[in-house]
1. Going by Cα centres, the stretch 256-295 and the stretch 92-134 are how many Å apart?
2. Using packing as a proxy for protection, rank 278-290, 70-82, 259-271 so that the peptide with the highest average count of other Cβ atoms within 10 Å comes first.
3. Non-local amide H neighbours of Leu352 (under 5 Å, H modeled in plane, Pro and chain starts lacking H): which ones?
4. Using DSSP to call loops (not H, G, I, E or B), can you name the trypsin sites (Lys or Arg not before Pro) in the stretch 352-390 whose Cβ has at most 16 other Cβ atoms within 10 angstrom?
5. Which whole-number percent gives the relative contact order of the stretch 67-127, counting Cα pairs below 8 Å spaced six or more residues apart?
6. Apply the Karplus curve 6.51 cos²θ - 1.76 cosθ + 1.60, θ = phi - 60°, to the phi angles in the stretch 342-347 and return the couplings in whole Hz, x for Gly and Pro.
7. Please enumerate, by chain and number, the aspartates and glutamates with C-alpha under 13 Å from the C-alpha of Lys53, excluding those fewer than 8 residues away in the same chain.
8. Return His295, His194 ranked ascending by Cβ neighbour count within 10 Å, so the fewest neighbours appear first.
Amino acid sequence: MTIRHKNKFDKQRRSFLKTVAAAGITPSLLGASSLVGGMMWARETEAAEGANKSLLLLGCGGSVDEFWRPRSDFSLPSMTAPYEFVKDKMNFIVGGKMSAGGHGVMWHRFNDGSWSQDSFDVNLGRTIGENHPVKFLNLGVESGTGLSRQGSSFVPTINDPETALSQLFAGGTATSTSNTSGQRDSKLSIVDAHKDAMDALKQKLGYHEKDKLDSHLTAIEEFEKRFVSAGSTTQSCGAPPSTDHDGSFDQKCSIQTEIAILALKCNLTPSVSLAFGEDNHNFVMRNGKIAHDSHHNYASSANYEADVAYMSTMLARVLRRMTEEGLLDSTVVTQVTDMGDARSHSNNNVALYMAGAGIKGGQMTQVSSSTTQRDLFKTAAHLLGADQHPNYRNWNGSVLSQILS
C-alpha cells in the first residue's frame, strides 16, 4: 500500500520511526539520552545531499562600508580581513538594511519586529527541527534577552554554557548525574552520564556507526577538557565577565562556539542561533572596554574599526570550526547585525552574509536598499526545505536566487 505523506517532514518522521524500530531501539532507550536520538537521526540523514542544518549568527556593532565591503579584486579590508581563510565559502551581501536598525530593538535581529510570530531560529525548530531531540538551541555571549521568540513569548537566550549543556545532553540515566537539587552534577562528565545509554546503543549499531559515535563522544570529552584547562568550570562560566579580564569575551565566544559545533555535529538539533553581544553595545569586548565606547567616546574612529575587526574574528572562528568539522557543506550559515555605521547609527550598507550549503561562495552580491534580514531568512528556509512545512512562517521577502549555487 502506498503511504500518503503530508509533507517531506512527515515522510522523514515515518522513516525515522521505521529505522528506529528496525534497529531495535526501544522508546525508553530513545528517551534516555539525546545522543541516542542524534545518532539515529544521523543514520536517517547521512546519505542526504544539500542543506539540512542552520546556523544563525549575530555580530553586534555594525560596520563601516569602506572597511567591510570586499574590494573589486575580492581582497578584504580591515573589518572583513579575519574572514580571509574562509571567504571562498562566503557570499558578502552588501547594500541592504536591517529591519529597524539601531540600538535597543533586539527582537528585530532574528525576526522582523513581530510581537506575535516566531523568530527565524525558533520557526526552524518547528519545521526542520520537529523530529530532533532538541528542536532549536539559542546561544549568546552577553546578548541579554528578548532576541528569540516563540509566538508572543520571548525565549531566553542561553548565555550560560552550563545551561546550554544541560539542555543539549538531557536524559543521562546514571543516578549519580544529579545533585540534591536535581541539576546535572558538573563534576560528572557528559560521557559518563550517558554511559548506560551509549553502551546499550552500541549493541544496535554497525561498525561505521560505532566509529562515528566514538568520535562524537571523543569530541565531547575533548571539549570538557578544554573547558577545564581554560580555567573555567561549567558553574562559573555563566558569571558576567570582569571588566579587567581581557580574555573573558573571547573565551566565552569560544566556549559557546564549541557547544554549537557539538550540537550540530552530534545531530542533536538542526537549528542553532549564536549571538555575540547585544544591540545596545553595552558588552565588554577587547581590552576590557565597553563596545559602545568604540563609536562614541574614543578619541579616534580607529578604535571602532578595531572593535568591528575583533567581532569579525569571533564570527570567523565559527566558520573555521564549521569547516574543520566538515559541517559547512550541510549547513546554511546566515549572519546578521544590528545597524550600519554605528558612529552615525545609520541603517544603510549593513554587514550581512550567507555561507555554506547551497550558497555561491567567493563573491560579493550587491542588493537593493529594500533587502533586509527577511530576504536572508526566506532564502535559508528555501534551501532547508522549511517552506514545505505547515508550521513555516512565510517571511515577507524574496529568495535571493542570485546567491544560490
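The numbers here are math on the coordinates, done by the rules we state, and not lab data. Small disclaimer: the values here were computed from a predicted structure and weren't measured. Positions of Cβ are backbone-derived with ideal geometry, glycine not excepted, and every protein chain shown enters the neighbour counts.
1. Using only Cα atoms to place each centre, the spacing works out to 15 Å.
2. 259-271, 278-290, 70-82
3. The answer is Ile93.
4. Answer by residue number: Lys360.
5. 17 percent
6. 6, 5, 10, 6, 7, 10
7. Within the straight-line cut-off, Lys53 pairs with Asp121, Glu130, Asp329.
8. By the 10 Å Cβ count, ascending, the order reads His295, His194.
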